[in-house]
Structures are given as structure tokens and as C-alpha cells.
Amino acid sequence: MIHLSLIGIGTGNPEHVTLAAVRALNEADLILLPRKGEANSDLVDLRRLLCRNLLEASSRTRVVEFDLPRRDSRADYLAAVDDWHGAIAAVWGELMATHLPEGGRVGLLIWGDPSLYDSSLRIAGRLGARTGGEVTVDVVPGITSLQVLTAAHRIPLNALAEPVQITTGRRLRERGWPSGAASVAVMLDSGGAFQALPPEGLHIWWGAYLGMDKQHLIDGPLAEVAATILERRAALRERHGWIMDIYLLRKISGGE
């Protein structure tokens with residue numbers, strides 16, 4: 001039997017890793033660290049740092065790195081993602097069979113929390129048949145980028161007694177402002193999806209590399225700061241080779 005722990009590690013600040021996550025790391029027989037290529041080396045470097053700092057000297061946990069399969073860029077996005085998840089599950093299964101042929105405990109370090117715009121739980125659901133045995137899964141919750149964003153800007157997530165919609169950049173471009181939402185949190189935006197909205201009456205709180213030493217924040221009326229955000233985002237991506245950002249949009253008093 002394989003026992004898989006999906007361990008939320010927050011957004012890049014080692015101080016955000018919970019005691020429960022530290023315990024799960026040290027209880028694992030095997031930790032799998034994905035590599036996404038040189039452009040995202042900071043991401044695997046942070047995982048390596050966490051393992052070095054948080055694994056106890058007496059721990060017998062093995063750390064194994066692997067190259068994450070690349071997602072097909074074809075037009076059918078959902079089909080491409082489904083195939084990609086299948087390829088990742090196959091790699092996970094092969095690594096577990098190779099390194100834990102008799103079963104054991106496996107840990108995967110998940111950015112933020114496994115429940116919020118992360119597919120590790122869906123991928124884990126495919127593992128049983130691929131490993132040839134039973135796989136049990138548990139989740140260690142982590143601090144999400146949405147929490148770090150609101151904390152960094154010192155704002156509540158929702159307007160008083162009002163609902164919040166959490167969506168993606170793709171959905172915001174395709175469907176516009178969600179019906180009935182007073183605030184919209186946007187994740188997984190490839191850049192500037194807010195340009196699809198009429199900016200009048202909207203305020204934006206934007207953050208990149210949240211929780212890291214390279215964190216950047218901008219906020220203000222969307223009509224006034226949209227261009228600044230786009231320019232800053234492009235410059236940061238050029239400088240670091242990758243970017244993770246998120247933003248919250250809110251209708252301001254008197255706006256439609």
C-alpha cells in the first residue's frame with residue numbers, strides 16, 4: 001500500500017510551513033520533487049531548501065527529483081490538461097514502484113494548498129490502477145496565495161456581507177465579470193485578463209512572488225494602475241524568467 005501526503009507549503013516563505021507539514025515531511029519514506037525546467041528553477045530550489053531545513057538529521061526520508069511532463073499547447077485546453085494529468089500520474093506511479101516496491105509513505109510538496117486551483121488531488125485519484133495496489137491520500141493544508149495577497153495589502157477578502165468569486169484569467173477573459181460577485185479573485189492569469197473588463201468603478205490589489213523576498217505589490221483604481229501592473233509584470237518576468245501573480249478586483253462604492 002502507498003500512503004500519499006499532499007503537503008501544502010505556502011507561497012514561498014519557509015515560515016509559512018505549518019508544524020503539521022513538517023511532521024508529514026519527516027514521516028515520509030519518499031519525497032518527490034518535480035522539476036519544471038530552468039525557467040522555474042526557483043520553485044524546485046525552494047522545495048530543496050525546505051527539505052534541507054525541515055528534515056531531521058535522524059530522518060530516513062529519501063528525496064527524489066523528477067522532470068515534470070510538459071502540457072500540450074493544443075487548442076482543446078481541457079483535453080490537453082486531462083492528458084497531462086495522466087502523464088504525471090504515470091510518472092508518479094513509476095517512481096513509487098521503483099523506490100517503494102513494498103509500499104510506504106510518499107510526500108509531495110504542493111505550492112499554496114492542494115485544494116485551491118491545484119490538480120494534485122485529481123492526479124492522485126488516478127494512481128490506484130497505475131501502481132497496481134491501493135493508494136490512500138491525505139492533505140496537509142497550506143497557506144494560499146489568496147491569503148498572502150490580502151494579508152500583504154492589509155485588506156479583507158470580501159466587502160462587508162458581500163460574496164467573492166474565485167476564478168481564472170482564462171474565465172475572466174471569456175465571460176467577463178461574474179454575475180452577483182462584489183469581489184473577484186483571479187488566479188492562473190497569463191497576464192492582464194483584467195483588460196477584458198471596463199475599468200471604471202473597479203479597484204485592484206495585485207501581487208507577484210507573494211511570500212518571497214522578491215514580492216511586489218500594486219493597488220489602486222484599475223483605470224489608473226492597469227498599465228503600471230502590465231509593465232511591472234513584464235519587467236519582472238524578464239528579470240526572473242518566470243512569474244506567479246494573483247489579484248483581487250472589487251467594485252468600489254458607486255461603481256457598477
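The values are calculated or read from the model by the stated rules, or taken from the named source; none is laboratory data. Because the structure is a prediction, the values reported are computed rather than measured. Virtual Cβ from ideal backbone geometry, glycine too; neighbours counted across all protein chains shown. Only protein heavy atoms, including side chains, enter the accessible area calculation; ligands, DNA and RNA are left aside. Shrake-Rupley method; radii C 1.70, N 1.55, O 1.52, S 1.80 Å.
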Handout entry: Cross-chain or 6+ apart pairs with Cβ under 7 Å, the stretch 216-228 first and closer than 11 Å to Glu200 by Cβ, then surrounded by fewer than 18 Cβ atoms within 10 Å (Cβ to Cβ)
Key = Leu222/Pro199; Ala223/Pro199; Ala223/Glu200
Practice task
Check the stretch 169-180 and report whether any residue there is in a strand (DSSP E or B), in contact with a strand residue (DSSP E or B) (Cβ under 6 Å, 6 or more places away or on another chain) and surrounded by 17 or more Cβ atoms within 10 Å (Cβ to Cβ).
Solution key: no
Fill in the blank from the handout: Inside the stretch 95-106, the number of residues satisfying the requirement of being closer than 22 Å to Asp67 by Cβ, in contact (Cβ under 8 Å) with a residue 12 or more places away in the chain and either assigned to a helix (DSSP H, G or I) or not aliphatic (A, V, I, L, M) (or both) is 4
Exercise for the section: Among the residues of the stretch 61-94, count how many are touching a helix residue (DSSP H, G or I) at 6+ places or on another chain (Cβ under 6 Å), not in a loop (DSSP other than H, G, I, E, B) and not hydrophobic (A, V, I, L, M, F, W, C). Expected result: 2
Handout entry: Single residue of Asp113, Asp138 found to be in contact (Cβ under 8 Å) with a residue 60 or more places away in the chain, within 27 Å of Val22 (Cβ to Cβ) and open to solvent by 40 Å² or more (accessible area, probe 1.4 Å)
Key = Asp138
Problem - Members of the stretch 83-110 found to be open to solvent by 40 Å² or more (accessible area, probe 1.4 Å) and under 18 Å from the mean Cα position of the chain (by Cα), listed by number - result: Trp84
